[in-house]
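Derivation of every value follows stated rules applied to the coordinates shown; laboratory data play no part. Predicted, not measured: the structure shown is a model, and the values here were computed from it.
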Amino acid sequence: MSGIVAAVFVFGVLAAVTGLASGGAPPAAVSWLKLGLGVILLVVAMSRWHADHSGGDEPQLPGWMAAVDAFSPAKATGIAVILAVANPKNFALTLSAGVHAER
């Protein structure tokens with residue numbers, strides 16, 4: 001949760017610094033950014049769906065995920081923040097919230 005809050009804060013500050021958070025109608029850059037993020041999310045979703053439904057062998061657990069059992073509390077917190085912010089859905093929502101929070 002704190003990672004998402006931090007991401008919204010960072011995106012809000014970046015939006016204020018770059019001028020994307022100006023009042024009134026959103027600038028064209030915001031519309032292009034939303035369109036680009038939408039296309040990226042569609043491509044990622046299609047590739048994931050294709051990979052999951054291609055048949056074949058049972059998926060293997062990645063090595064880093066098997067190592068999570070031995071993580072210290074600090075390392076587990078760090079990976080939780082990274083995974084929360086790196087999730088494409090969370091990234092798009094926090095970016096949108098950060099840009100609109102400064103208006």
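Could you identify which residue out of G36, G19, G63 has the top mean-square fluctuation in a GNM of the chain using Cα springs shorter than 10 Å? Answer for the Gaussian network model of the chain: G63. Compare A29, A92, A67 in a GNM of the chain, Cα atoms joined below 10 Å, and give the one with the largest fluctuation. Highest fluctuation among the options: A67. Helices of the chain meeting both criteria, an alpha-carbon length of 27 angstrom or more along the long axis and an average Kyte-Doolittle score not below -0.5, with helices taken as full DSSP H segments, are 28-52. Largest GNM mean-square fluctuation across L33, L61, L14, computed for the chain with C-alpha springs under 10 Å, falls on L61.
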